[in-house]
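Engineer: For reference, the structure I am asking about is given below.
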Amino acid sequence: MSRYSVIGLTGGIGSGKSTVARMFGALGVHWVDADDVARQVVEPGTQALNAIADHFGEDILQDNGGLDRAALRQKVFEDPEQRRWLEGLLHPIIRKELIRQLSPENYSLPYVMLVSPLLLETNQHELVERIVVVDVPEETQIDRTMARDGNSREQVERILAAQMPRTARREKADEIINNAQPLERVEASVQALHQRFMADFSQGA
């Protein structure tokens, strides 16, 4: 496990998790994005990608040897058994890599941050001591995601429906950052939380 206290940062699609994570990063906080790690563990040459290709066949790979995510998504969506196989393969590998990346060398702050959209839906929440939820109204999530990804409203609503409901996510939060406020007020909230975490997790606190 990390040598530092780990704070979990999560939120629904379009809530602005990455924006808030960068604000903590600007204060010197080391943060790891679980989505980035999930991509890294299936890059060409990795054992996980080799296992996926062995299981599903070479047509799961693109011409450049990378994973064809759309083809894989289709296979596991159509067959729950295949999805369980894939999760059984990847979740332990992702967890191990998250723990590794959450232990930076020569780091002076008492806490690090795990940024994950599925923090509460997976066992990743077991890695963290506190949970910070980035929260905006659902209508804001829909508008932001449509503008960012070019998705239709129906597509975004389907994604929202598949995620943990906003009320349930808020109930599990130790701290909530309202990201529907003006940017300077969000930054003030982040700075206040940072100071609290620095005090709470400093040695001897």
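The values are calculated or read from the model by the stated rules, or taken from the named source; none is laboratory data. Keep in mind that what you see is a predicted model, and the values were worked out from it rather than measured. Don't worry about glycine lacking a Cβ; one is built from the backbone with ideal geometry, like all the others, and counts go over all protein chains shown. In case anyone asks, the SASA skips ligands and DNA or RNA and just uses the protein heavy atoms, side chains included. Shrake-Rupley method; radii C 1.70, N 1.55, O 1.52, S 1.80 Å.
Engineer: For Arg73, indicate whether it is at pLDDT below 95 and in a helix (DSSP H, G or I).
Structural biologist: Details: at pLDDT below 95: yes; in a helix (DSSP H, G or I): yes.
Answer is yes for this residue.
Engineer: Given Ala26, Ala34, Ala21, Ala51, which one is closer than 30 Å to Phe201 by Cα and free of Cβ contacts under 8 Å to residues at least 60 places away in the same chain?
Structural biologist: Ala26
Engineer: Find the helices (runs of 4 or more DSSP H) located wholly in segment 98-183 whose residues include 3 or more that are open to solvent by 20 Å² or more (accessible area, probe 1.4 Å) and acidic (Asp, Glu), and list them.
Structural biologist: 138-149
Engineer: Give the residues of segment 70-90 that are exposed (fewer than 13 other Cβ atoms within 10 Å of the Cβ) and either touching a Lys or Arg at 6+ places or on another chain (Cβ under 9 Å) or among the hydrophobic types (A, V, I, L, M, F, W, C) (or both), sorted by residue number.
Structural biologist: Ala70, Phe77
Engineer: How many residues, within segment 30-49, are over 16 Å from Arg100 (Cβ atoms) and open to solvent by 80 Å² or more (accessible area, probe 1.4 Å)?
Structural biologist: 1
Engineer: So which pairs qualify, if the first residue must be in segment 135-160 and farther than 26 Å from Lys172 by Cβ, the second must be in a loop (DSSP other than H, G, I, E, B), the Cβ gap must be under 8 Å, and the two must be at least 6 apart or on different chains?
Structural biologist: Within 8 Å, the pairs are Met146/Ser152.
Engineer: Ok, one more. Of the conditions (1) free of Cβ contacts under 8 Å to residues at least 12 places away in the same chain; (2) open to solvent by 30 Å² or more (accessible area, probe 1.4 Å), Ile93 fails just one. Which one is it?
Structural biologist: All conditions are met except number (1).
Engineer: Something else about it: Among the residues that make up segment 110-120, is at least one of them under 21 Å from Trp31 (Cβ atoms), more than 16 Å from the chain's Cα centre (by Cα) and modelled with pLDDT of 95 or more? First the steps, then the outcome.
Structural biologist: Keep residues of segment 110-120 that are under 21 Å from Trp31 (Cβ atoms), which gives 110-120.
Still in the running and more than 16 Å from the chain's Cα centre (by Cα): 110-111.
Those left that are additionally modelled with pLDDT of 95 or more: 110-111.
Looking through segment 110-120, at least one residue is under 21 Å from Trp31 (Cβ atoms), more than 16 Å from the chain's Cα centre (by Cα) and modelled with pLDDT of 95 or more.
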